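A short worksheet on the structure shown next.
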Amino acid sequence: MSSPDKVIALDVAIIGGGSAGMALAARLEQVSAVVFEPKTPAERDCSWALWARPEQLQALSPAVTGRWDRWRLIDDCGEVIHHSGEFCYTSLSAERYLQHCEDSLNDSVSLVRAPVESLIPEQGGGQINAAGQAYTASTIYDSRPSKSADNSLCQHFIGWEIITTEPIDNADIATLMDFRVDQSRGLHFIYVLPYSDRHLLVESTMISNQPEEKDWYRHAISQWLADRNIQIQSQLREEYGVISMAAVKPSTTTIAQIGAAGGSVRLSSGYAFSTIQTQMAALADTISAGERKVPAAFSRRLVFMDKVFNRALNARPDHGVTVFMAMAKSLNGEQFARFMLGHAGLGEWAKVIMAMPKWPFIVAALRQVFSHD
Ligand SMILES: Cc1cc2nc3c(=O)[nH]c(=O)nc-3n(C[C@H](O)[C@H](O)[C@H](O)COP(=O)(O)OP(=O)(O)OC[C@H]3O[C@@H](n4cnc5c(N)ncnc54)[C@H](O)[C@@H]3O)c2cc1C
């Protein structure tokens with residue numbers, strides 16, 4: 001790269017080398033581009049999961065930590081187990097995925113391991129300063145996390161990756177939601193990914209308007225393990241996350257936002273990884289064609305339905321367990337995976353709607369229509 005006193009001119013600048021920034025950067029060809037990211041992949045390690053088809057697994061294989069063709073939801077009344085021959089619930093190491101993207105960068109794309117310190121927008125591009133160097137870019141994509149409104153619905157969790165002293169039962173099934181835990185502070189479930197019969201990721205996850213003290217989730221995990229007589233031999237790592245389930249407000253600048261900041265998080269589930277992959281692949285094609293517009297992450301109908309879902313959940317969190325269990329019961333494995341990916345057809349939507357308690361959703365839909373939100 002040239003000396004610091006010269007301004008470096010780029011076609012594309014990407015602010016933030018997380019899931020979206022690196023997925024885009026790794027696909028860019030024949031444009032000069034820089035990704036600005038202050039943290040190393042190891043500093044951003046966590047588990048990212050998605051429902052993946054076999055053809056997607058090929059591209060993600062360097063980062064895959066586990067795959068399950070069966071998954072389940074459990075409450076006090078029983079369990080729903082889904083099986084799919086088409087989709088695998090797949091978990092990835094964020095560190096390995098980001099490192100793989102870094103290793104795949106084209107010669108014309110580089111990574112600057114530093115935060116963007118200032119940004120002066122100008123017609124979709126602008127000037128950036130980072131690590132004492134000035135850059136101009138014709139197009140800038142910004143994935144820095146945007147601040148969510150206080151007290152809005154969010155999914156918040158702590159996960160422990162552990163080795164157990166004894167093998168666990170059902171190590172071939174991913175547990176997406178086990179609701180047999182304290183529900184007094186909001187919709188709460190335990191999420192379990194068994195990488196083997198003694199190596200697990202166990203997360204305590206809440207959907208509510210306010211994150212809890214960290215020890216609250218830790219206690220919930222310990223209690224869930226103790227109730228099943230599962231003892232920890234060693235704890236490998238802990239991950240903490242808060243994912244906003246509120247619609248993001250469009251940025252006031254002319255700079256395009258991508259990733260979670262650009263509205264790629266599915267509002268009703270907090271899943272984003274798969275959508276980001278599809279959207280960034282489409283954006284890379286758009287850039288190759290000489291355009292710059294970011295394709296929409298979701299259809300307007302899906303965003304509306306998700307907002308109605310969240311309104312209903314927010315108004316009656318005590319219905320949450322019933323709603324998720326009824327949704328799982330109404331669909332088979334393939335349909336459930338498509339639904340979670342945001343690819344459900346009208347038939348699948350009809351099944352889910354028929355399974356829902358009617359009045360809370362009718363009220364939520366009417367409120368959503370008249371809120372102009
Ligand atoms: C712990 C956790 C687990 C998740 N698990 C899943 C999952 O299992 N499945 C799923 O579908 N979704 C999951 N999500 C949701 C979503 O997929 C992730 O949040 C995903 O990382 C979003 O990608 P992104 O690129 O928008 O944001 P990020 O990956 O957060 O990237 C934004 C980047 O911007 C960088 N940045 C910040 N400030 C600056 C600056 N000034 N200059 C330059 N860079 C800056 C940050 O360091 C960061 O790397 C999870 C989220 C979290 C937090």
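The values are calculated or read from the model by the stated rules, or taken from the named source; none is laboratory data. As the structure is a computational prediction, the values presented were derived from the model and not from experiment. Here Cβ is always computed from backbone atoms with ideal geometry, including for glycine, and neighbour counts include all displayed protein chains. With ligands, DNA and RNA removed, areas are computed over all heavy atoms of the protein, side chains included. Shrake-Rupley method; radii C 1.70, N 1.55, O 1.52, S 1.80 Å.
Quick one: how many residues across the stretch 122-174 are over 25 Å from Phe189 (Cα atoms) and either within 11 Å of the ligand (Cβ to nearest atom) or at pLDDT 95 or above (or both)?
We begin by selecting, within the stretch 122-174, every residue over 25 Å from Phe189 (Cα atoms); these are 122-147.
Okay, now just the ones that are also either within 11 Å of the ligand (Cβ to nearest atom) or at pLDDT 95 or above (or both), so 125-146.
So the count comes out to 22.
Going through Ala315, Ala281 one at a time, which residue ends up being small (Gly, Ala, Ser), at pLDDT below 95 and open to solvent by 20 Å² or more (accessible area, probe 1.4 Å)? Write out each step before concluding.
Details: Ala281 fails: at pLDDT below 95.
Just one listed residue meets the conditions, Ala315.
What tally of residues in the stretch 208-232 results from selecting those that are assigned to a loop (DSSP other than H, G, I, E, B) and in contact with a Lys or Arg (Cβ under 9 Å, 6 or more places away or on another chain)?
The initial filter retains those residues of the stretch 208-232 that are assigned to a loop (DSSP other than H, G, I, E, B), namely 209-213, 228-231.
After this cut, where a residue has to be in contact with a Lys or Arg (Cβ under 9 Å, 6 or more places away or on another chain) as well, the list is 210, 212.
Count: 2.
Which residue pairs have Cβ atoms closer than 7 Å, lie 6 or more positions apart in sequence or on different chains, and pair a first residue in the stretch 43-56 that is more than 19 Å from Ile243 (Cβ to Cβ) and more than 9 Å from the ligand (Cβ to nearest atom) with a second residue that is among the β-branched types (Val, Ile, Thr) and in a strand (DSSP E or B)?
What qualifies is Ala52/Thr90.
Look at the stretch 190-229 and say how many of its residues are in contact (Cβ under 8 Å) with a residue 12 or more places away in the chain, farther than 20 Å from Ser91 by Cβ and small (Gly, Ala, Ser).
2
Results for (1) touching a helix residue (DSSP H, G or I) at 6+ places or on another chain (Cβ under 8 Å); (2) in the same structural domain as Ser269 (by TED's automatic domain parsing); (3) on the phi > 0 side of the Ramachandran plot; (4) hydrophobic (A, V, I, L, M, F, W, C), shown as yes or no for each residue.
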position	(1), (2), (3), (4)
His199	no, no, no, no
Trp216	no, no, no, yes
Ile221	no, no, no, yes
Gln231	yes, no, no, no
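Residues of the stretch 136-153 being assigned to a strand (DSSP E or B) and buried (at least 20 other Cβ atoms within 10 Å of the Cβ), which ones? Write out each step before concluding.
Just the residues of the stretch 136-153 that are assigned to a strand (DSSP E or B), to begin with: 136-142.
Hits for the stretch 136-153 are Ala137, Thr139, Ile140, Tyr141, Asp142.
Scan the stretch 325-353 for residues that are of a type in the set (Phe, Trp, Tyr) and in contact (Cβ under 8 Å) with a residue 24 or more places away in the chain and report the count. Working first, answer last.
First, pick out the residues of the stretch 325-353 that are of a type in the set (Phe, Trp, Tyr): 336, 339, 349.
Among the residues that remain, those that are also in contact (Cβ under 8 Å) with a residue 24 or more places away in the chain are: 336, 349.
The qualifying residues number 2.
Of the numbered conditions (1) more than 20 Å from the chain's Cα centre (by Cα); (2) open to solvent by 20 Å² or more (accessible area, probe 1.4 Å), Leu28 fails exactly one; give the number of that condition.
Among (1) more than 20 Å from the chain's Cα centre (by Cα); (2) open to solvent by 20 Å² or more (accessible area, probe 1.4 Å), the lone unmet condition for Leu28 is (2).
Here is a yes/no grid of residues against (1) outside any strand (DSSP E or B); (2) free of Cβ contacts under 8 Å to residues at least 60 places away in the same chain; (3) within 11 Å of the ligand (Cβ to nearest atom); (4) over 25 Å from Ser32 (Cα atoms):
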| residue | (1), (2), (3), (4) |
| --- | --- |
| Ser234 | no, no, no, yes |
| Arg237 | no, no, no, yes |
| Val242 | no, no, yes, yes |
| Gln277 | yes, no, yes, no |
| Ala282 | yes, yes, no, no |
| Gly290 | yes, yes, no, no |
| Leu313 | yes, no, no, yes |
| Gly320 | yes, no, no, yes |
| Val323 | yes, yes, no, yes |
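Could you please tell me which pairs satisfy a Cβ distance under 6 Å, a separation of 6+ or placement on different chains, a first residue in the stretch 148-171 that is over 25 Å from Gln231 (Cα atoms), and a second residue that is within 13 Å of the ligand (Cβ to nearest atom) and part of a strand (DSSP E or B)?
Correct list of pairs: Ser148/Ser244; Cys154/Val242; Cys154/Ser244; Gln155/Ile243.
Would you confirm, using the coordinates I've provided, whether Glu86 is open to solvent by 20 Å² or more (accessible area, probe 1.4 Å), more than 19 Å from Thr275 (Cβ to Cβ) and in a loop (DSSP other than H, G, I, E, B)? Even if it seems obvious, please write down each step before you answer.
Numbers: open to solvent by 20 Å² or more (accessible area, probe 1.4 Å): yes; more than 19 Å from Thr275 (Cβ to Cβ): no; in a loop (DSSP other than H, G, I, E, B): yes.
No: the conditions fail for Glu86.
Which condition number in (1) open to solvent by 50 Å² or more (accessible area, probe 1.4 Å); (2) modelled with pLDDT of 95 or more; (3) within 19 Å of the chain's Cα centre (by Cα) is the one that Phe189 fails?
(1)
Which ones in the stretch 244-263 are of a type in the set (S, T, N, Q) and within 15 Å of the ligand (Cβ to nearest atom)? Talk me through it step by step, then tell me what you get.
The first filter runs over the stretch 244-263 and keeps only residues of a type in the set (S, T, N, Q), leaving 244, 251-254, 257.
Selection gives Ser244, Ser251, Thr253, Gln257.
Criterion first (open to solvent by less than 10 Å² (accessible area, probe 1.4 Å), acidic (Asp, Glu) and touching a helix residue (DSSP H, G or I) at 6+ places or on another chain (Cβ under 9 Å)) does Asp182 satisfy it? First the steps, then the outcome.
Details: open to solvent by less than 10 Å² (accessible area, probe 1.4 Å): no; acidic (Asp, Glu): yes; touching a helix residue (DSSP H, G or I) at 6+ places or on another chain (Cβ under 9 Å): yes.
No; evaluated as a whole, the condition is false for this residue.
Tell me yes or no: at least one residue of the stretch 60-82 is open to solvent by less than 60 Å² (accessible area, probe 1.4 Å) and part of a loop (DSSP other than H, G, I, E, B).
In the first step, residues of the stretch 60-82 are kept if they are open to solvent by less than 60 Å² (accessible area, probe 1.4 Å); the result is 60, 62-66, 68, 71-75, 78, 80, 82.
From what is left, the residues that are part of a loop (DSSP other than H, G, I, E, B) are none.
Within the stretch 60-82 (the criterion being open to solvent by less than 60 Å² (accessible area, probe 1.4 Å) and part of a loop (DSSP other than H, G, I, E, B)), the answer is no, since none of the residues qualifies.
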